[in-house]
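Below: the structure, in structure tokens.
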Amino acid sequence: MKKFIIITLMTLLSMAVVHGQEADVRDSLKNMTLQTVTVKARSGGKLQSKVTNAEMIGHGELIRAACCNLGESFTTNPSVDVSYSDAATGARQIKLLGLSGTYVQMLTENMPNLRGASIPYSLGYVPGPWLQSIQVSKGASSVKNGYESTTGQINIEYLKPQGTDGIRANAYLDSDLKQEVNVDGSIHLTDRLSTSALLHFENRQTDHDKDGDGFMDMPKLRQFNGMWRMAYVSPVWISQFSFKGLHDERESGMSHHHDAPLTFDHYGIEVKTNRYEAQWKNGFTLNHDHNTSIALMVNGSIHDANNLFGRSKYDVKQKNGYAQLMFETDFSDAHNLSIGASVNYDDYVEYYDTGRIGGNPDAWTSNNKETTTGIYAQYTYKLGEKLTVMPGVRWDHSTTYGGFWTPRLHVKYTPWELLTLRVSVGKGYRSPHALAENVSLLASGKKIIIEDHLKQEEAWNTGMSASLSIPVGGKSVDVNMDYYYTDFKNQMVIIPDGIAGNNTFVFSNLNGKSYSHTAQIDATYPIFEGFTATGAFRYTDSRVTYDGVLRLRPLTSRYKGLLTLGYKTPMELWHFDVTGSINGPGELYDQSRYPAYFQLQAQITREFRLFSVYIGGENLTNYTIKNPIHSASNPWSSSFDATQVWGPTNGAMGYIGVRFKLEKM
């Protein structure tokens with residue numbers, strides 16, 4: 001509550017002085033002679049795709065919140081939900097169209113990435129200040145990027161070395177004593193060759209236990225993250241190379257022994273991860289008149305994670321390699337063809353030991369390898385700006401699951417200038433990796449059972465959307481409405497305790513129905529100069545069959561409402577942003593219900609010539625769920641469970657930060 005009062009008072013004080021300060025600036029400008037005028041275009045926020053139901057979140061939208069990492073980049077987005085996967089490790093997960101983020105294909109600069117073992121903590125591996133933009137695509141996506149997209153795609157675009165020369169930095173501190181520093185710099189070595197480096201460090205070593213249950217409310221963490229990039233851009237050849245390295249460590253568990261080494265009776269959690277990535281993209285223009293080009297893209301990663309939950313130890317090492325060759329050409333203004341081939345290689349080495357006392361120890365080691373090769377073709381027909389039809393199909397062969405087809409279709413129709421209609425339908429597939437993708441389930445006393453012969457996950461996704469511009473008061477209200485239905489043919493289902501048997505989590509093949517209906521409407525309106533409001537409401541009906549009974553999917557809210565308000569003063573020296581969201585009720589594993597709750601966040605930014613200062617707060621309503629960890633006083637019992645997290649586990653938080661830039665104009 002104290003944080004809420006302090007931030008509210010600071011907001012009111014800032015709004016009171018802002019107009020006076022801008023008046024002083026305008027008066028000063030009257031007495032100055034302007035020798036040079038520079039006009040800048042700002043990436044204001046969200047742009048809607050014309051063909052697929054995709055949304056681009058630009059730099060202007062990202063800086064409306066602290067945006068420390070990718071997981072905090074969707075706070076003003078009504079489509080993507082971000083929540084903690086458990087109450088112990090601080091891992092965040094996303095949900096799209098009422099389903100887990102495992103069904104969202106993650107791309108980095110249009111190449112599949114952050115898959116498998118990296119899923120549990122991947123949202124924390126992408127620093128927010130490194131982001132140039134994010135593209136969120138709902139439903140079946142293009143076959144160019146593979147077969148894995150079921151509910152949509154999220155593509156991350158990093159800052160480019162061929163952008164503006166200069167140095168940029170960001171420093172951040174919050175009331176939970178988390179510190180973060182980001183620095184990036186780029187230089188043009190020649191007119192065509194440029195290079196850049198991006199560095200990130202974050203640290204929090206304070207022991208937080210506000211609810212007094214003896215467990216840390218959030219983990220201690222330390223992360224080092226760096227990327228080096230080079231780009232060569234000529235009229236006929238574009239080549240980009242990048243290398244990224246990360247070390248991430250998290251420590252959680254019992255808080256009252258935080259200064260002592262781990263002992264046999266102390267329930268501690270340690271997660272240490274090293275990850276390395278390399279990416280090389282090449283594009284060659286063969287014919288400018290017909291946009292004929294050929295591209296070769298290669299990506300590789302090594303993900304090595306060591307996890308300790310109490311006495312349970314789980315280590316996983318994933319090696320991934322991906323390559324794609326594609327050819328694209330315009331036969332005419334109306335006809336486009338894209339064809340290509342790809343290969344994906346995964347190598348998982350896993351070791352799991354429950355550390356059980358007495359009897360036969362429950363430990364196993366596995367080594368799973370899968371190579372998937374595929375070819376695809378996608379045709380696009382355009383009838384001016386009125387109609388676009390884009391069918392695509394790909395065939396892939398997996399060394400584990402055999403061959404399979406992935407058909408997809410997108411249609412966009414604009415009957416008149418103010419209305420755009422879209423329809424999409426397509427299949428998505430995924431190779432499940434039970435523990436690697438769901439390591440947060442180890443934060444419980446339940447026994448984990450993985451059934452043999454888990455099938456490849458397979459689902460159909462069908463969607464329709466409408467975008468409408470309605471003239472109101474000399475401006476336009478931009479309204480978007482969409483509906484999506486995801487229907488699983490095969491799915492890896494996690495059967496919770498009380499259904500499969502006492503004290504167990506069972507990974508099993510779907511035996512029955514599993515689906516999700518999602519309907520959403522959102523509207524944006526510029527109320528007056530500089531002041532924009534966006535409101536959204538989403539309804540979700542997501543169900544899965546457990547032991548022959550079709551029931552609501554656990555930990556999935558039935559609805560969500562969102563309202564964001566943003567105001568920029570006439571000279572854009574001050575920015576005020578407020579976001580409020582109401583998250584609807586849902587069910588826990590035992591079918592007991594949890595209530596709806598409201599959250600509020602706000603941020604104020606003051607721009608200066610070379611830097612900006614921002615201050616804000618999150619969860620200003622100070623709402624937290626009670627007893628997020630079941631049986632916290634007895635972590636060695638089978639009733640101990642930190643996995644049923646449906647709302648905030650940490651109260652109100654305030655933060656302050658500085659963004660600095662020294663760029664060559």
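Some observations on this one:
- Once the Cα gyration tensor of the range 282-406 is diagonalised, semi-axes √(5λ) in Å: 46, 15, 13
- Placing +1 on the Cβ of every Lys and Arg and -1 on the Cβ of every Asp and Glu, with no other charges, gives the range 135-290 a dipole of roughly 880 debye about its Cα centre.
- Here the convex hull built on the C-alpha positions of the range 190-339 has a volume of 173 cubic angstrom per residue.
- In this calculation the C-beta distance from Asn503 to Trp395 is compared with R0 = 60 Å, giving a FRET efficiency of 0.85.
- Cross-link partners for Lys160 among the lysines, with Cα-Cα distance under 22 Å and sequence neighbours closer than 8 places in the same chain left out: Lys40, Lys46, Lys244, Lys281, Lys661, Lys664.
- Whole-Å distance, taken between Cα centres, linking the range 267-282 and the range 628-654: 26 Å
- This model, with +1 at the C-beta of Lys and Arg and -1 at the C-beta of Asp and Glu, gives the range 472-610 a dipole about its Cα centre of some 80 debye.
- Working note: Cα atoms of the range 184-258, range along each principal axis, descending, whole Å: 62, 17, 17.
- Evaluating 6.51 cos²θ - 1.76 cosθ + 1.60 at θ = phi - 60° for every residue in the range 373-385, the Karplus couplings come out as 10, x, 10, 8, 9, 9, 10, 10, 10, 10, 9, x, 9 Hz, glycine and proline recorded as x.
- Available extension along the chain between Phe528 and His288 is 82.1 nm, counting 0.36 nm per residue and deducting the alpha carbon span.
- Charge dipole magnitude, Cβ of K and R +1, D and E -1 - the chain, Cα centre, debye nearest 20: 920 debye
- Straight-distance crosslink candidates among lysines, where the alpha carbon sits under 16 Å from Lys513 and sequence neighbours closer than 8 are dropped: Lys455, Lys489
- Geometric extent, Cα atoms of the range 554-665 - Rg, Dmax (angstrom): 19.7, 63
- Legend: calculated FRET efficiency, Val549 to Ser638, from the Cβ-Cβ distance at R0 = 22 Å, rounded to 0.05, equals 0.40.
- Cβ-based charge dipole, the chain, positive-most Cα from Ala54, Ile450, Val549: Ala54
- Packing-based ranking, highest mean first, of 316-324, 334-342 given that Cβ atoms within 10 Å are counted: 316-324, 334-342
- Residue among Val349, Phe505, Thr414 farthest towards the positive dipole end of the chain, charges placed on Cβ: Thr414
- Mean residue ellipticity, 222 nm, helices only, the chain: the sum of -39500 (n - 2.57) across DSSP H runs of n ≥ 4, divided by residue count and rounded to 500, is -1500 deg cm²/dmol.
- Label-point separation in nm, Lys661 to Tyr276, each point 7 Å along Cα→Cβ: 3.4 nm
- Here the gap between Tyr483 and His630, fully extended at 0.36 nm per residue and compared with their Cα-Cα distance, gives a gain of 49.3 nm.
- Which of Met218, Gly185, Val472, positive extreme of dipole for the chain (C-beta unit charges): Val472
- Among 507-517, 109-119, sorting by the average number of other beta carbon atoms lying within 10 angstrom of each residue, highest first, gives 109-119, 507-517.
- Computed 3J(HN,Hα) for the range 522-537, one whole-Hz value per residue from the Karplus formula 6.51 cos²θ - 1.76 cosθ + 1.60 where θ = phi - 60°, is 9, 9, 10, 9, x, 4, 8, 3, x, 10, 10, 10, 10, x, 8, 9, glycine and proline marked x.
- Size descriptor for the chain, Kirkwood hydrodynamic radius: 26.4 Å (Cα pairs only, one decimal).
- Of all DSSP bridge pairs formed entirely within the chain, close to 95 percent run antiparallel.
- Burial order of peptide ranges 487-495, 474-482, 133-141 (average beta-carbon count within 10 Å, highest first): 133-141, 487-495, 474-482
- Theoretical FRET efficiency, 1/(1+(r/R0)^6), r = Cβ-Cβ of Glu417 and Phe611, R0 41 Å, to 0.05: 0.45
- Those lysines that a straight Cα-Cα span of less than 17 Å connects to Lys382, excepting residues fewer than 8 apart in one chain: Lys50, Lys412
Bear in mind these aren't lab numbers, they're just calculated from the coordinates by the rules spelled out. The structure displayed is predicted, hence computed values, not measured ones. Here Cβ is always computed from backbone atoms with ideal geometry, including for glycine, and neighbour counts include all displayed protein chains.
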